[in-house]
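Okay, so here's the structure we're looking at.
Readers should treat all values here as calculations from the given coordinates under stated rules, not as data from a laboratory. Fair warning: this is a prediction, and the values are worked out from it, not measured in the lab. Methodologically, a virtual Cβ is constructed for each residue, glycine included, from the backbone with ideal geometry; neighbour enumeration extends over all protein chains shown.
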Amino acid sequence: MSGDDEPIPLSALQHWLYCPRQCALIHLERQWAENAATAEGRILHERADQPGKARRGPVRTLRALPLFCRRLNLAGIADVVEMRGGIPFPVEYKRGRPKSHRADEVQLCAQALCLEEMFGQPVPDGALFYGETRRRTDIAFDADLRALTERVAAEVAAMLAGGVTPPPAYAARLCGQCSLADLCQPRPLSTHHDVAGWLRRHLRD
């Protein structure tokens, strides 16, 4: 990593695994739109992201802790890090409920990789707290999840360096929940994705 590289936000990894085009629209093109789901998530994070420290028994809780990983050029803020006997245990707050894909797990694992570099010791597990279920889901940072997280970080870095937004790939369930659907226009654009070819054909006429 060069010292001039802008760090990749940890949230970009979650966005990329959910939808590469969404990730590029947010982190490359700097576009954003809010819907009810993102507003709910923002409010949930505002409540969790109040900087401070607390202690309950042997566990010391750090809120809104800045994170970085120079090796992967990542940076962000952890909602909560519980220090358990000196070992960091990250807790990420999410709206809704546990999902079928691993985007939330990758974001949490990226936090663990940051904490390992910052504290110089292994971080074996953490938790996702979901607002709808009001329960934690424990996540083990095993070899597969770590490999997936590092691969996603590399893919996001390559996309940002290349400066090209991926074309849309319409998926009814994912696109229907995305706040950027009107900006992305996934349904019409995915059926006319060969814009360059269309222009070449018509410029010849």
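Worth a mention:
- Region 56-138: relative contact order as a whole-number percent, Cα under 8 Å and 6+ apart: 28 percent
- Taking label points 7 Å from Cα along the Cα-to-Cβ direction, ARG151 and ARG70 give a separation of 2.9 nm.
- Kirkwood hydrodynamic radius (C-alpha pairs) into Stokes-Einstein, region 8-165, 10 °C and 1.306 mPa s, D in µm²/s: 99 µm²/s
- Peptides 13-22, 76-85, 127-136 ordered by average Cβ neighbours within 10 Å, highest first: 13-22, 76-85, 127-136
- Stretch gain in nm, segment ARG173-ALA143, where the contour uses 0.36 nm per residue and the Cα spacing is subtracted: 7.8 nm
- For q = 0.15, 0.19, 0.21, 0.23 Å⁻¹, Debye-computed log10 I/I(0) when each Cα of region 55-98 counts as one equal scatterer: -0.46, -0.68, -0.78, -0.85
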